[in-house]
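Only one structure is covered here, and it is reproduced in the block below.
The values are calculated or read from the model by the stated rules, or taken from the named source; none is laboratory data. None of the values given here were measured: they were computed from a predicted structure. Every residue, glycine among them, receives a Cβ derived from its backbone with ideal geometry; neighbour counts consider all protein chains shown.
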Amino acid sequence: MQLLEAVPNLSAGPKSPALQAVLNALAAARGACVLHTDGNDDANRTVLTLAGTPENVLKSLRVLFTAAAEKIDMRAHHGAHPRLGAVDVCPLVPVQNITLEQAAQYARELAAFVGEELHIPVYLYEENAASPARKNLAFLRKGEYESLPEKLKTLPPDFGPKEFSPHVAQTGASVIGARNFLIAFNVSLATQDVQIAKEIAAKLREKNGGLPGVKAIGWYMENYHCAQVSFNIVDYHKTGLAGVFEACKQAAAKYHTDVTAGELIGLLPREALLQAGQFYAPDLPADKQLQAAAEKMLLHKIRPFYFKERILEERLADALQR
């Protein structure tokens, strides 16, 4: 069986009626399994993890994009996280018996539907990018939703309208493409000074000579009463979770502060967490290494951390048995 994962990021917080409408539409569609939902009110954003056969994943994503276009109004959206549209970004990730190139074909099929049927501007990124610059999500999202009236002219989308119409004003634009696993990992600091978080992020991101395979931004989380460094680990074989956490801890110490919690967004491969466990407890058996990783990186500080709910393989196995 081919298995494909999709990780759509919606510009709607966990308490939003719009999000619930999208989730209801997904449930009614009976397509891919919704493995995990992770939302944050300060970011005004929710990350869904779907998985299943490519056909079922595309079925669910067509429903998701349609419902989000109807229910989420970007004209009223504000949040800490950068965003371009109602479904801000939707990566497709090969999981089992499927190549990255095949996942890219499905991503292009989805992008064509969103652009041509729903009339939403779509930018292709990562494996689907038309140019090296467009591979980078940050490049496409620069200026965020507010930049769209000009961006659609100077950086035309790959699919969909190129004018900022009233419809596009409501939906915004979306970024779609195939990529390998990405781990979203936030580290909370013992300070409310967002400038410290931004400076740490700048020092640790790869493009500034920091950690290989790592992107980072700094922001303030009002509900947590602290600043955070938000990391995207795009290649955990180059820099793993433990490497990111320890580097952030060392950088924070230079600003006379400390890290207070680690926060994983969405699901992650078992290998990635086990890799961190091997760093912190190399002599322990695998199950104890997983526990050591969670404890050392303070993954339980913000909310309970349950392995069966956060490790991709565990969630997939559970979903396929139903």
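Observations on the model:
- Within the set 48, 35, the sole residue that is in contact with a helix residue (DSSP H, G or I) (Cβ under 6 Å, 6 or more places away or on another chain), in contact (Cβ under 8 Å) with a residue 24 or more places away in the chain and either at negative phi or not in a loop (DSSP other than H, G, I, E, B) (or both) turns out to be 35.
- Test result for residue 311, of a type in the set (Val, Ile, Thr), touching a Leu at 6+ places or on another chain (Cβ under 8 Å) and in contact (Cβ under 8 Å) with a residue 40 or more places away in the chain: yes
- Being free of Cβ contacts under 8 Å to residues at least 12 places away in the same chain and not assigned by TED's automatic domain parsing to the domain that holds residue 138 is a property that residue 296 lacks.
- Among the residues of region 62-85, those identified as crowded, with 24+ Cβ neighbours inside 10 Å and under 18 Å from residue 49 (Cβ atoms) are 64, 65, 68.
- Residue 138 vs. criteria aliphatic (A, V, I, L, M), within 16 Å of the chain's Cα centre (by Cα), closer than 27 Å to residue 61 by Cα and at pLDDT below 95: yes
- Residue 222 vs. criteria in contact (Cβ under 8 Å) with a residue 60 or more places away in the chain, over 30 Å from residue 103 (Cα atoms) and either charged (D, E, K, R) or crowded, with 21+ Cβ neighbours inside 10 Å (or both): yes
- For region 180-199, the candidate set comprises residues that are part of a strand (DSSP E or B) and within 19 Å of the chain's Cα centre (by Cα); within that set, the residue that is surrounded by the fewest Cβ atoms within 10 Å (Cβ to Cβ) is 184.
- Looking across 149, 132, 156, one residue alone is in the same structural domain as residue 56 (by TED's automatic domain parsing), more than 26 Å from residue 207 (Cα to Cα) and free of Cβ contacts under 8 Å to residues at least 40 places away in the same chain. It is 149.
- The residues of region 230-260 that are within 17 Å of residue 39 (Cα to Cα) and buried (at least 19 other Cβ atoms within 10 Å of the Cβ), listed by number, are 230, 231.
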